[in-house]
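Colleague: The following block contains the structure, expressed as C-alpha cells.
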Amino acid sequence: MTGIAITFFIVAAVLVWGGLIASIVFLARQPQVKTYPDGSELVSDDD
Amino acid sequence: MTCAGGDDPGGFFVTEFLQTSDPGFSSQFVPAVLIPLVLVWVAVLAVLGSGIAKGVQRANIIFLPLLVVAFLILVVRALFLDGAMTGLNAFFTPDFSALGDPNVWIAAYSQIFFSLSIAFGIMITYSSYRSRKANVTAPALVVAFANSSFEIIAGIGVFATLGYFAFQQGVAIDELEGLTGVGLSFITFPAIVSQMPGGPIFGALFFGSLVMAGFTSLLSVLQVVSSAFQDKFGITARQASIRVGSALAIVSILLFSTTTGLITLDTVDQWANNIGIVGAAIAATILVIWVFRRGPELAAHLSAVSTFKVGRLWQLLVGVLAPVVLLYMLTQRIIALVTEGYEGYPLWYLAVAGWGTIAVILIGAISMTALRWKHDPDDFTPWPSADSLKELKK
C-alpha cells in the first residue's frame, strides 16, 4: 500500500472503529441517566 | 472450479438463470427464483409470527454474529490475493478535488441515509419494544458506528477482491465494469470467485453472508408493517404474520419470481426508495420540526432519558440539513426519472411499475390512516410530560 493510502486507512480506522469502541465504552460506563424527570416512579422499568 | 457462467457470467445470470424477458408483467415463473423465494417467505413469516423476543430478536442474535464472522473470514482471505493491495490503494487514496463537487457530498449523504435505513420506520419500531426509561441516544451512537465499522470491513474485502480481478485481467481498477448493485454481487463477484484459489469456499461464504444480511434486513422491514397492524387493529404477532405477511408474500412472489421479476424489482425499488422513503423523510422532518414545532420537546425528551445529550445542533441537523439535502436529492431524482426515464424501459412500464408504486404507497398510507384504531392511541399518558421537559430546559 502507498503511504497516503496507509495514512487514510489509519484515519478511517481511528475515526470509525475508534468511535465504535468509544461509544461502547461510554454506554457500558453510563447505561442510564442518574435521575429521571418527574413521574418516573409511575413508569415501570419494563413499560 | 469455474463459474457456471463460463466466459459470460452476465449473460448466464440474466438470460439463463433468471430467464429475463423484456419489461412487462410475465406470468411465467422461474423455478430457480420461485422456490428459494417461497422458502424465504415461509421462514420470515415463521419468525415474524413468533413475536419479537422469540422471533426477530433470536434470529438477529444468531444471524448477525454469523454474518460478521463469515465476512471477516472473507476479508482476511481477500487480503492475501494477488493485487489485493492495489485494490486497497484505490479504496483508501483520496481524491481531494472531489470535495469541491457538491454531488459527492450528496452521494455520501444518500449512502449513509440508506445504509442506516433512516425513515424506514425500523428504528422507531425496534425502539418501541424497549423500556420508556431506556437510554436512546448512546445506543444509537453504537448502532451508527457499528454500521460504518462493518462497511469499512466490507469495503476492504470488496476492494481487495476487485484488485485481484483487475490483476487477473491486466487492467487498472477504474477500468473494471459491472461494479454496482446486482451486477457486482451476482455477475462480477461470481466471475472473480470462479478464478480464485479456494473459490467454492469463498463463494459459499459470500452468498451465505448475502443471504443472512438480506434475511435480517427483510425481517426488520416487515416487523415495521407487522407492528403497525398489531397496534392499529389490536391483533397478535401470529395473526399479523398470517394475514398481512401472507398477502405481502403473495404479491412479492407473483411480481418478482417471474421472467420479468428482476426488472420489476429494480424498478419498484428505484421508486419506492428514492421517492417514497426520501419523500417520507422530508415530510416527517418538516411536519415535526417546522409545522408542529416539536423539535425542542423531542431534544429535551432524548436528553432527559439518555446519557448522550442532544440540543440545538441535533435540531439543526434534523430540521435544516436533513430536509434541505433530502429535498435536493428528491428533486434531482424526479427530474432525472421524468426526463431520462430509467434503464431504457418503456414509458408505460415506468408509469405502472414506478409511479404506480408511489400511488399504491400513498393510497395505502391514506386509507390505513383513515381506518379506526382498535384501541384509542390518545388514551395514553406521555412520560416525561411536556411540562416536566420544559422545567428541565430552564
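All of the numbers you see were taken from the coordinates with simple rules; none came from a lab. Just so you know, these numbers come straight off a predicted model, no measurement behind them. Every residue, glycine as well, gets a Cβ built from its backbone with ideal geometry; the counts of neighbours run over all protein chains shown.
Colleague: Cα-Cα pairs above 17 Å in segment B:256-394: how many percent?
Modeller: Here the tail beyond 17 Å accounts for 71 percent of pairs.
Colleague: Additional query: Magnitude of the Cβ-charge dipole of the protein assembly as shown, K/R +1 and D/E -1, about the Cα centre, nearest 20 debye?
Modeller: Working: 21 positive and 27 negative charges, 326 e Å.
In debye, rounded to 20, the protein assembly as shown gives about 1560.
Colleague: Springs between alpha-carbon pairs under 10 angstrom, Gaussian network model over chain B: which of B:V211, B:V42, B:V142 fluctuates most?
Modeller: Its mean-square fluctuation being the largest, the pick is B:V142.
Colleague: Let me ask something else about it. How shielded is B:147-154 by partner chains, expressed as the average number of their Cβ atoms within 10 Å of its Cβ atoms?
Modeller: The mean count of partner-chain Cβ atoms within 10 Å per residue comes to 3.
Colleague: Return the loop-located chymotrypsin sites (Phe, Trp or Tyr not before Pro) in segment B:1-101 (DSSP other than H, G, I, E, B) with at most 15 other Cβ atoms within 10 Å of their own Cβ; answer none if there are none.
Modeller: The qualifying sites are B:F25, B:F80.
Colleague: To continue, here is another question. Quick one: Cα centre-to-centre distance for segment B:195-264 and segment A:13-47, in angstrom?
Modeller: The two parts, judged by their Cα centres, are 32 Å apart.
Colleague: Just grab the label-to-label distance for B:I242 and B:I335, each label 7 Å out from Cα along the Cβ direction, in nm (one decimal).
Modeller: Distance between the two pseudo-spin positions: 5.2 nm.
Colleague: Can you find, among B:F165, B:F13, B:V360, the residue farthest towards the positive end of the dipole of the protein assembly as shown? Put +1 on the C-beta of Lys and Arg, -1 on that of Asp and Glu.
Modeller: Ranked along the dipole, the leading option is B:V360.
Colleague: Related question: What trypsin sites (Lys or Arg not before Pro) does segment B:245-322 have in DSSP loop regions with at most 12 other beta carbons within 10 Å?
Modeller: B:R293
Colleague: In straight Cα distance, which lysines are under 21 Å from B:K374, not counting same-chain residues fewer than 8 positions off?
Modeller: B:K232
Colleague: Let me ask something else. Inside 10 Å of the C-beta atoms of B:299-308, what's the mean count of C-beta atoms belonging to other chains?
Modeller: Numbers: counts 0, 1, 1, 0, 1, 5, 5, 3, 8, 4.
Average per residue, whole number: 3.
Colleague: Something else: Using a 7 Å offset from the Cα along the Cα-to-Cβ direction at both B:I61 and B:A43, what is the distance between the two label points in nm, to one decimal?
Modeller: Computed distance between label sites B:I61 and B:A43 equals 1.9 nm.
Colleague: When the Cα centres of segment B:273-304 and segment B:338-373 are compared, how far apart do they sit, in Å?
Modeller: When both Cα centres are located, 23 Å separates them.
Colleague: Follow-up. Could you give P(r) for the protein assembly as shown, binned at 20 Å from zero, as whole percent values over all Cα-Cα pairs?
Modeller: It works out to 20, 56, 23, 1, in whole percents.
Colleague: Which three extents, in whole angstrom, do the alpha-carbon atoms of segment B:32-258 cover along their principal axes, largest first?
Modeller: That works out to 61, 42, 30 Å along the principal axes.
Colleague: Could you please rank B:W383, B:W373, placing first whichever residue has the fewest other Cβ atoms within 10 Å of its Cβ? The partial results should precede the final answer.
Modeller: On the way: B:W383 19, B:W373 12.
Going from sparsest to densest Cβ surroundings: B:W373, B:W383.
Colleague: Only helical DSSP H runs with n ≥ 4 go in: add -39500 (n - 2.57) per run for chain B, normalise by residue count and round the 222 nm mean residue ellipticity to 500 deg cm²/dmol.
Modeller: Theoretical 222 nm ellipticity from helices: -19500 deg cm²/dmol.
Colleague: Tell me which of B:Q223, B:S148, B:T188 sits at the most positive position along the dipole axis of segment B:110-241, charges placed on C-beta atoms (Lys, Arg +1; Asp, Glu -1).
Modeller: Projecting each Cα onto the dipole axis, the largest value belongs to B:Q223.
Colleague: While we're here: For segment B:107-137, which trypsin sites (Lys or Arg not before Pro) are in a loop by DSSP, counting at most 13 other Cβ atoms within 10 Å?
Modeller: Working: sites: B:R130, B:R132, B:K133; in loops: B:R130, B:R132, B:K133.
Answer in residue order: B:R130.
Colleague: Is it possible to state the helix-based mean residue ellipticity at 222 nm for chain A, with each DSSP H run of 4+ residues giving -39500 (n - 2.57), the sum divided by total residues, to the nearest 500 deg cm²/dmol? What is it?
Modeller: After summing the helix terms and dividing by the residues of chain A, the value is -14000 deg cm²/dmol.
Colleague: Mind checking which aspartates and glutamates have their Cα closer than 16 Å to the Cα of B:K393? Skip sequence neighbours fewer than 8 apart in that chain.
Modeller: A:D38, B:E297
Colleague: List the residue ranges in chain B for DSSP H helices whose C-alpha atoms run 30 angstrom or more along the long axis and whose Kyte-Doolittle average is 0.5 or above.
Modeller: B:58-79, B:137-169, B:199-233
Colleague: Determine the shielding of peptide A:10-18 by partner chains: average, over its residues, the number of Cβ atoms on other chains within 10 angstrom of each Cβ.
Modeller: For peptide A:10-18, the averaged partner shielding equals 4.
Colleague: Could you put B:I106, B:I62 in order, starting from the residue whose Cβ has the fewest other Cβ atoms within 10 Å? Mind dumping the intermediate values first?
Modeller: Working: B:I106 15, B:I62 12.
Going from least to most buried by this count: B:I62, B:I106.
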